[in-house]
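**Student:** Below is the structure I would like to discuss, written out as structure tokens.
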Amino acid sequence: MKFNILVSDPLSKQGIQSLLDAKDVQVDEKTNLSEAELLEVINKYDALLVRSQTKVTEAVLEASERLKVIGRAGVGVDNIDLDAASKKGVIVVNAPDGNTISAAEHTFAMMMATARRIPQAYQSLTGGQWERKAFRGVELNGKTLGVIGLGRIGVEVAKRAKAFRMKITAYDPFLSEERAKKLGVEKATVDEVVAKADFLTVHTPLTKETHHLIGQDQFEKMKPGLRIVNCARGGIIDEEALYQAIQNGKIAGAALDVFESEPPTENPLISLPEVVVTPHLGASTAEAQENVAIDVSEEVLRVLRGEPFRNAVNLPPVSAEVMRKLEPYFLLAEKLGEMAIQLAEGTPENIGIAYAGELNDVDTASLTRTMLKGLLSHYLGSKANYVNAPYLAKQNGLSYTVEQSPKHRGFASLMTVTIKTEKEERRVAGTILNGYGPRIVKIDDYSIDISPEDHLLLIRHTDRPGMIGHVGSILGQHETNIGTMQVGRKDVGGKAIMALTIDKKVEKDVLYALNQVDDIFSVKDIEL
């Protein structure tokens with residue numbers, strides 16, 4: 001059987017050579033097609049390869065009866081309608097690894113540039129000045145590099161730093177002591193990293209969790225003279241706080257390849273002489289562009305040939321009959337994962353997923369992927385999806401098990417996720433109740449009944465009179481409206497939990513006030 005592949009954006013010839021050489025493939029390169037032109041020809045093809053120019057809309061997908069896979073030569077898939085692709089049963093694959101080395105090298109180049117003030121010296125010399133004393137730099141040798149995020153790129157940066165005889169202290173939500181030892185880095189919290197570092201580099205996705213992860217509080221903890229690098233995502237560093245820290249002399253320099261708003265035409269950081277900037281060049285090398293084309297070409301071939309593939313970014317097709325049974329549970333599965341990871345203190349080591357009752361009769365693999373996606377996305381953001389979640393779990397040192405049992409007393413069906421960290425074990429269970437929809441029915445050993453709303457507040461406390469009123473009073477004083485409240489307890493006067501749905505994210509001063517209440521052990525603000 002011969003497969004027809006359309007390449008609709010310019011890609012490196014070397015990058016797609018595996019497709020051109022394949023005897024079971026016919027490749028057509030037709031670039032700069034309008035949507036109307038793409039609609040005319042798409043039905044001839046089994047696969048489509050794009051970069052960012054081609055817009056793969058719902059109309060394009062509907063017009064194709066043969067399309068099995070779309071390959072994106074790069075990471076972002078904003079130009080592809082993933083929902084429409086999933087409904088059509090078309091697999092979308094990308095190439096997340098191809099730019100790793102380029103991004104790591106650019107990070108190191110930026111670090112060197114800010115350490116030795118190379119761009120500033122170049123500008124001065126080409127402007128006719130000879131100012132050797134004005135551009136005295138610092139060595140990397142013997143300095144401590146703080147790395148926030150030890151994914152592929154963070155690890156490559158750490159390897160290069162070790163070659164420069166730098167000490168490395170690092171934070172990553174999935175970094176275990178064992179993996180830290182293997183990588184030759186010191187495991188630390190974010191605040192510990194910024195306090196120890198002479199140079200700081202960030203390599204996390206941009207999520208709710210990492211937005212302004214390096215903010216005013218962190219700048220106050222830094223050593224005077226620290227230099228900071230961001231070649232990851234704009235928004236991880238609070239740019240206003242960075243500007244102030246440079247202005248008051250706390251930060252000696254910064255090297256930025258990314259910005260909260262791009263292009264950064266009105267960003268005051270651009271005008272500071274201590275700041276080195278580049279226009280989002282982390283993946284802009286000939287090798288990276290070739291590598292992503294190679295990676296996505298190989299993935300497309302695997303899909304077409306029915307071989308195992310790993311870099312899919314949308315939900316694989318499920319039969320209509322199974323989908324009817326599972327559809328009500330997808331939202332709940334994702335929320336259970338999101339909630340469990342926010343409850344657990346410490347580095348996750350093992351995940352246990354259990355299905356009971358009616359769910360025992362169907363293939364729950366897609367629910368497992370959804371639960372893992374919810375769990376991982378708290379830290380990895382859009383990098384985690386329904387298909388790559390099992391792979392990302394393994395990549396981050398997380399093992400998981402799945403169990404099924406035919407019955408569960410009290411519920412027709414029940415999903416449970418258990419997270420074990422080096423500090424504790426936390427468990428959340430949920431079900432679908434007729435007429436009520438998805439419900440969280442158990443947290444650890446406490447029975448509750450609460451809807452997985454956007455904003456939840458979970459309070460661990462001693463069961464005593466007046467506690468509910470005290471909590472309600474504090475929230476009322478801070479104009480925080482309570483939707484529902486549930487209390488779970490095992491013994492009268494013993495330990496209990498209070499779960500509340502609220503209308504907005506709880507501010508820090510509210511959390512502080514609640515934590516000051518006698519007999520409240522912990523307060524967790526959970527966003528789903």
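**Student:** Is there a residue in the stretch 345-356 that is crowded, with 22+ Cβ neighbours inside 10 Å and assigned to a helix (DSSP H, G or I)?
**Tutor:** No, that holds for no residue.
Residues checked against (1) of a type in the set (G, A, S); (2) free of Cβ contacts under 8 Å to residues at least 24 places away in the same chain; (3) on the phi < 0 side of the Ramachandran plot:
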position: R227; (1), (2), (3): no, no, yes
position: L256; (1), (2), (3): no, no, yes
position: A288; (1), (2), (3): yes, no, yes
position: R302; (1), (2), (3): no, yes, yes
position: Y329; (1), (2), (3): no, no, yes
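**Student:** Answer yes or no: is there a residue in the stretch 311-322 that is within 25 Å of the chain's Cα centre (by Cα) and at pLDDT 90 or above.
**Tutor:** no
**Student:** Next question. Please work out which residue is least open to solvent (accessible area, probe 1.4 Å), limiting yourself to the stretch 4-15 and to residues that are modelled with pLDDT under 95 and farther than 18 Å from D81 by Cα.
**Tutor:** G15
**Student:** Continuing with this model, one more query. Name the residue, out of V275, V258, that is out of contact with any Phe, Trp or Tyr (no Cβ under 6 Å at 6 or more places or on another chain) and either under 23 Å from I101 (Cβ atoms) or acidic (D, E) (or both).
**Tutor:** Just a single option satisfies the conditions, and that option is V258.
**Student:** Continuing with the same structure: When you go through (1) out of contact with any Gly (no Cβ under 9 Å at 6 or more places or on another chain); (2) farther than 30 Å from M415 by Cβ; (3) of a type in the set (A, V, I, L, M) one by one for A312, which number turns out not to apply?
**Tutor:** (2)
**Student:** Hey, G98 hits all of (1) among the small types (G, A, S); (2) within 30 Å of A170 (Cα to Cα); (3) modelled with pLDDT of 90 or more; (4) buried (at least 18 other Cβ atoms within 10 Å of the Cβ) but one; which does it fall short on?
**Tutor:** (3) is the only condition that G98 fails.
**Student:** Also: Which condition breaks for A384 when tested against (1) in contact (Cβ under 8 Å) with a residue 24 or more places away in the chain; (2) more than 12 Å from G430 (Cβ to Cβ)?
**Tutor:** The single condition A384 does not satisfy is (1).
**Student:** Taking into account only those residues within the stretch 227-250 that are over 22 Å from Y379 (Cα atoms) and in a helix (DSSP H, G or I), which is most open to solvent (accessible area, probe 1.4 Å)?
**Tutor:** Restricting to residues being over 22 Å from Y379 (Cα atoms) and in a helix (DSSP H, G or I), the top hit is E240.
**Student:** Given the conditions (1) assigned to a helix (DSSP H, G or I); (2) more than 25 Å from the chain's Cα centre (by Cα); (3) buried (at least 23 other Cβ atoms within 10 Å of the Cβ), which single one is not true for G253?
**Tutor:** Just one mismatch for G253, condition (1).
**Student:** So which residues in the stretch 179-205 are surrounded by fewer than 20 Cβ atoms within 10 Å (Cβ to Cβ) and touching a residue at least 60 places away in the same chain (Cβ under 8 Å), if there are any at all?
**Tutor:** Matches in the stretch 179-205: R179, P205.
**Student:** Only residues in the stretch 23-52 that are open to solvent by less than 80 Å² (accessible area, probe 1.4 Å) count as the first member; pair them with residues that are aromatic (F, W, Y) and assigned to a loop (DSSP other than H, G, I, E, B), Cβ under 8 angstrom, at least 6 apart or cross-chain, and list the lot.
**Tutor:** Cβ pairs passing all conditions: D28/Y45.
**Student:** Then there is this: Before we move on, is S12 under 30 Å from the mean Cα position of the chain (by Cα) and in a loop (DSSP other than H, G, I, E, B)?
**Tutor:** Criteria met by S12.
Per-residue answers, yes or no, for (1) in a loop (DSSP other than H, G, I, E, B); (2) open to solvent by 60 Å² or more (accessible area, probe 1.4 Å); (3) touching a Leu at 6+ places or on another chain (Cβ under 8 Å); (4) not hydroxyl-bearing (S, T, Y):
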{"residue": "E299", "(1), (2), (3), (4)": "no, no, no, yes"}
{"residue": "F309", "(1), (2), (3), (4)": "yes, yes, no, yes"}
{"residue": "E327", "(1), (2), (3), (4)": "no, yes, no, yes"}
{"residue": "K335", "(1), (2), (3), (4)": "no, no, yes, yes"}
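**Student:** Here's something else I'd like to know. With the checklist (1) within 19 Å of the chain's Cα centre (by Cα); (2) surrounded by fewer than 18 Cβ atoms within 10 Å (Cβ to Cβ); (3) part of a loop (DSSP other than H, G, I, E, B) in hand, flag the one item G381 doesn't pass.
**Tutor:** All conditions pass for G381, except number (3).
Condition check ((1) farther than 27 Å from E186 by Cα; (2) buried (at least 17 other Cβ atoms within 10 Å of the Cβ); (3) in contact with a Pro (Cβ under 9 Å, 6 or more places away or on another chain); (4) of a type in the set (D, E, K, R)) across all residues:
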position: D78; (1), (2), (3), (4): yes, no, no, yes
position: A84; (1), (2), (3), (4): yes, yes, no, no
position: N94; (1), (2), (3), (4): yes, yes, no, no
position: E105; (1), (2), (3), (4): no, yes, no, yes
position: A109; (1), (2), (3), (4): no, yes, no, no
position: A113; (1), (2), (3), (4): no, yes, yes, no
position: R132; (1), (2), (3), (4): yes, no, no, yes
position: G149; (1), (2), (3), (4): no, yes, yes, no
position: E156; (1), (2), (3), (4): no, yes, no, yes
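**Student:** State whether the residues of the stretch 133-142 include one that is within 24 Å of the chain's Cα centre (by Cα) and either at pLDDT 95 or above or under 30 Å from A340 (Cβ atoms) (or both).
**Tutor:** There is no residue in the stretch 133-142 that is within 24 Å of the chain's Cα centre (by Cα) and either at pLDDT 95 or above or under 30 Å from A340 (Cβ atoms) (or both).
The values are calculated or read from the model by the stated rules, or taken from the named source; none is laboratory data. Fair warning: this is a prediction, and the values are worked out from it, not measured in the lab. Neighbour counts are summed over all protein chains in view; Cβ atoms, including those assigned to glycine, are modelled from backbone coordinates with ideal geometry. SASA here: full protein model, heavy atoms, side chains in, ligands and nucleic acids out. Shrake-Rupley method; radii C 1.70, N 1.55, O 1.52, S 1.80 Å.
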